[in-house]
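Enquirer: Quick one: the structure is below, and I'll ask about it shortly.
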Amino acid sequence: MKRALSSMVLSLLGFVIVGSAHSQVGAPPEEQKYFRIPHKYHIYFEMTGALPSSPGVFNDYWNSAFQFGAGGGVTVLPWLDVRANFTYASWDNNSTESKSKIGFVGVADVEGGLITTLTMSGSARFVAVPNSRTNPFAEMAVGYFTTTAEDISIENVLQNSMEDTSGMMIAPSIGIQYALADSWSAYAMYRYVMCMGDFAPGNLLLPPGGGAPVEGENQIFQNIGVGIMLRF
């Protein structure tokens, strides 16, 4: 289901990008003109889907989530924005699938397991055609992340925990933005987020009686969504 959702949203994003670019062909010059240069600063808010990718247990036993993002930036050059960013996402554990992974066959429910990731980063957004109303962009973010997890428990049977992890994150992205007015723009984007640390959600799914601890690895998830930006 998550793979189907990812493919469907990626296809929709591609359709929006191609359709927006096509709509600009043959448009009158006054419709294409976008007075970007006079706007020095901007703030933005975005809402994206957060699709878990790696490690495999993160992809298989946690549901996709919504991620909230906000930040601001400054236009350094007509084709370059430098930004400060904050994001928040929480993934619910799929308790039904996890019960099978843990190997518990009783009637008690699997509870907990919420994984939360916060990121703080700086980024550079490169705008392809600064004076065009419809504008493809590429962005690279580098910063810091912290990931925490609630214990997973089955009443009177087990309580598994995962150590918090934090460290460096990188997040390349691509997208397209469209000027709604002189000051307002909307954009659609795809982002690949790699959080480099000892992320071990498999420790939350150990069987009753314990087991060998799972070795941590990088946390990877993908964002697909939209945002709105105010320039001033």
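Enquirer: Before we move on, is E163 in contact with a helix residue (DSSP H, G or I) (Cβ under 9 Å, 6 or more places away or on another chain) and not small (G, A, S)? Give the steps one after another, and end with the answer.
Expert: Numbers: in contact with a helix residue (DSSP H, G or I) (Cβ under 9 Å, 6 or more places away or on another chain): yes; not small (G, A, S): yes.
Judged against the criteria, E163 is a match.
Enquirer: So, one more: Might you let me know whether the stretch 172-186 holds any residue that is part of a strand (DSSP E or B) and over 20 Å from G225 (Cα atoms)? Steps first, please.
Expert: Step one: filter the stretch 172-186 for residues part of a strand (DSSP E or B), giving 172-179, 184-186.
With over 20 Å from G225 (Cα atoms) added as a condition, the list becomes none.
No.
Enquirer: Further, regarding this structure: Filter the stretch 61-96 for residues that are part of a loop (DSSP other than H, G, I, E, B), more than 19 Å from L51 (Cα to Cα) and of a type outside the set (A, V, I, L, M, F, W, C) and give the result.
Expert: Here is the first cut: in the stretch 61-96, the ones part of a loop (DSSP other than H, G, I, E, B) are 63-64, 78-79, 92, 94.
Next cut, more than 19 Å from L51 (Cα to Cα) only: 78-79.
Selection gives P78 alone.
Enquirer: Further, regarding this structure: For residues that are crowded, with 19+ Cβ neighbours inside 10 Å and free of Cβ contacts under 8 Å to residues at least 60 places away in the same chain, scanning just the stretch 116-126, find the one that is nearest to A65 (Cα to Cα).
Expert: So the first thing to find is which residues in the stretch 116-126 are crowded, with 19+ Cβ neighbours inside 10 Å, and the list is 117, 119, 121, 123, 125.
Those still in the list that are free of Cβ contacts under 8 Å to residues at least 60 places away in the same chain too: 121, 123, 125.
Values: S121: 20, S123: 23, R125: 25 Å.
For the stretch 116-126, the residue satisfying everything is S121.
Enquirer: Taking the stretch 193-216 as the search range and keeping residues that are touching a Ser or Thr at 6+ places or on another chain (Cβ under 7 Å) and part of a strand (DSSP E or B), which one is nearest to G56 (Cα to Cα)?
Expert: Checked the stretch 193-216; the qualifying residue nearest to G56 (Cα to Cα) is F199.
Enquirer: Now a separate question. I need the full set of residues from the stretch 135-157 which are assigned to a strand (DSSP E or B), within 23 Å of the chain's Cα centre (by Cα) and surrounded by 15 or more Cβ atoms within 10 Å (Cβ to Cβ), in order please. Break it down into steps so the answer makes sense when it comes.
Expert: Step one: filter the stretch 135-157 for residues assigned to a strand (DSSP E or B), giving 135-149, 152-154.
Still in the running and within 23 Å of the chain's Cα centre (by Cα): 135-149.
Those that are assigned to a strand (DSSP E or B), within 23 Å of the chain's Cα centre (by Cα) and surrounded by 15 or more Cβ atoms within 10 Å (Cβ to Cβ): N135, P136, F137, E139, A141, G143, F145, T146, T147, T148, A149.
Enquirer: Here's something else I'd like to know. Can you pull out every residue in the stretch 215-230 that is without any contact (Cβ under 8 Å) to a residue 60 or more places away in the chain and surrounded by 15 or more Cβ atoms within 10 Å (Cβ to Cβ)?
Expert: Residues of the stretch 215-230 that are without any contact (Cβ under 8 Å) to a residue 60 or more places away in the chain, as a first pass: 215-216.
Of everything in the stretch 215-230, just one residue is without any contact (Cβ under 8 Å) to a residue 60 or more places away in the chain and surrounded by 15 or more Cβ atoms within 10 Å (Cβ to Cβ), namely G216.
Enquirer: Inspect the stretch 159-177 for any residue being buried (at least 22 other Cβ atoms within 10 Å of the Cβ) and either among the aromatic types (F, W, Y) or farther than 26 Å from W62 by Cα (or both) and give the result as yes or no.
Expert: The answer is yes, given that some residue of the stretch 159-177 is buried (at least 22 other Cβ atoms within 10 Å of the Cβ) and either among the aromatic types (F, W, Y) or farther than 26 Å from W62 by Cα (or both).
Enquirer: List pairs: first in the stretch 78-104 and among the hydroxyl-bearing types (S, T, Y), second crowded, with 18+ Cβ neighbours inside 10 Å and assigned to a helix (DSSP H, G or I), Cβ under 9 Å, 6+ apart or cross-chain?
Expert: So the pair list comes out as S98/Y61; S98/L204; S98/L205.
Enquirer: Take the stretch 87-145 and flag every residue that is closer than 30 Å to G211 by Cβ and of a type in the set (F, W, Y). Can you show your working first?
Expert: Initially, the stretch 87-145 is screened for residues closer than 30 Å to G211 by Cβ, giving 89-118, 145.
If the condition is that a residue be closer than 30 Å to G211 by Cβ and of a type in the set (F, W, Y), then W91, F104, F145 are the ones that fit.
Enquirer: Could you figure out which of (1) closer than 18 Å to F45 by Cβ; (2) among the small types (G, A, S); (3) surrounded by 20 or more Cβ atoms within 10 Å (Cβ to Cβ) isn't true of A70?
Expert: Looking at each condition in turn, A70 falls short on (3).
Enquirer: Looking only at residues in the stretch 42-58 that are under 14 Å from the mean Cα position of the chain (by Cα) and surrounded by fewer than 21 Cβ atoms within 10 Å (Cβ to Cβ), which one is farthest from D182 (Cα to Cα)? Step through it out loud before you land on a result.
Expert: Initial filter on the stretch 42-58 (under 14 Å from the mean Cα position of the chain (by Cα)): 45-54.
Cutting the leftovers down to surrounded by fewer than 21 Cβ atoms within 10 Å (Cβ to Cβ) gives us 45, 47, 49, 53-54.
On the way: F45: 18, M47: 22, G49: 28, S53: 38, S54: 40 Å.
This residue is S54.
Enquirer: Kindly provide the set of residues from the stretch 187-232 that are within 17 Å of the chain's Cα centre (by Cα) and within 25 Å of Y41 (Cα to Cα), ordered by number.
Expert: Listed by number, the residues that qualify are Y187, A188, M189, Y190, R191, N223, I224, G225, V226, G227, I228.
Enquirer: Could you check, for the stretch 153-171, whether at least one of its residues is in contact with a Pro (Cβ under 8 Å, 6 or more places away or on another chain), over 30 Å from F232 (Cα atoms), among the small types (G, A, S) and touching a residue at least 40 places away in the same chain (Cβ under 8 Å)?
Expert: Restricting attention to the stretch 153-171, the residues satisfying the condition of being in contact with a Pro (Cβ under 8 Å, 6 or more places away or on another chain) are 154, 157-158, 162.
Imposing the further condition that a residue be over 30 Å from F232 (Cα atoms) reduces the set to 154, 157-158, 162.
From what's left, among the small types (G, A, S): none.
No, there is no match, as no residue in the stretch 153-171 is in contact with a Pro (Cβ under 8 Å, 6 or more places away or on another chain), over 30 Å from F232 (Cα atoms), among the small types (G, A, S) and touching a residue at least 40 places away in the same chain (Cβ under 8 Å).
Enquirer: Which members of the stretch 33-77 meet the condition of being modelled with pLDDT under 95 and either touching a helix residue (DSSP H, G or I) at 6+ places or on another chain (Cβ under 8 Å) or β-branched (V, I, T) (or both)?
Expert: If the condition is that a residue be modelled with pLDDT under 95 and either touching a helix residue (DSSP H, G or I) at 6+ places or on another chain (Cβ under 8 Å) or β-branched (V, I, T) (or both), then I37, T75, V76 are the ones that fit.
Enquirer: When the residues of the stretch 98-110 are narrowed to those that are of a type outside the set (K, R) and crowded, with 16+ Cβ neighbours inside 10 Å, which ends up nearest to F221 (Cα to Cα)? Spell out the reasoning first.
Expert: Within the stretch 98-110, the first condition is being of a type outside the set (K, R), and the residues that meet it are 98, 100, 102-110.
Filter again for crowded, with 16+ Cβ neighbours inside 10 Å, leaving 98, 102, 104, 110.
Details: S98: 19, I102: 23, F104: 28, V110: 24 Å.
So the residue we want is S98.
The values are calculated or read from the model by the stated rules, or taken from the named source; none is laboratory data. These numbers come from a predicted model, not from an experiment. For neighbour counting, all protein chains shown are included, and Cβ atoms are generated from backbone atoms with ideal geometry for every residue, glycine included.
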